[in-house]
1. Which three numbers, in whole Å and largest first, are the semi-axes of the equivalent ellipsoid of the stretch 35-109 derived from its Cα gyration tensor as √(5λ)?
2. If each of residue 53 and residue 77 carries a label point 7 Å out from its Cα toward its Cβ, how far apart are those two points in nm?
3. Kindly provide the GluC sites (Glu not before Pro) of the stretch 73-109 that DSSP labels as loop, not H, G, I, E or B, and whose Cβ sees at most 10 other Cβ atoms within 10 Å.
Amino acid sequence: MEKLGKLEKRKLASELQAKNLSYLTILLISNHSGRLRVLTLTTSDKALSGGKDIHRSFRPLVMRLRRRWGHFEYIGVREIKGDRQHLHLVFRGEYMEQATISAMWASLHNSLW
């Protein structure tokens, strides 16, 4: 078997990620329970100075959302602008009040609007 160079490994990993994302997208869209919705979560100065990791705060948020509203399927990407991290999500589910999500996110990630 031929050894792969760094570039080939990166290309293969990128192709696998794209296939996995495509598969998840199809699963999310093909499920007919609930509407597709968009959610963006951001960091704050307080979260940055406290060294909060957006992914470590996101996991407990998903657990809280599932406890409160039931099934929560999502696809998300992380965006970095300067020193700010954002999570952009598309999810299928019930309407969630922005104030409720903001309060949950603030308690986990020290981010307020």
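1. They are 21, 14, 10 Å, listed from largest to smallest.
2. Modelled inter-label distance: 2.3 nm.
3. Working: sites: 73, 79, 94, 97; in loops: 94, 97.
In loop regions of the stretch 73-109 (DSSP not H, G, I, E or B), the sparsely surrounded GluC sites (Glu not before Pro) are 97.
Every number in this text was worked out from the coordinates using simple rules, so none of it is lab data. Remember, it's a predicted structure, so these values are computed and weren't measured experimentally. Neighbour counts run over all protein chains shown; Cβ positions are idealised from the backbone, glycine included.
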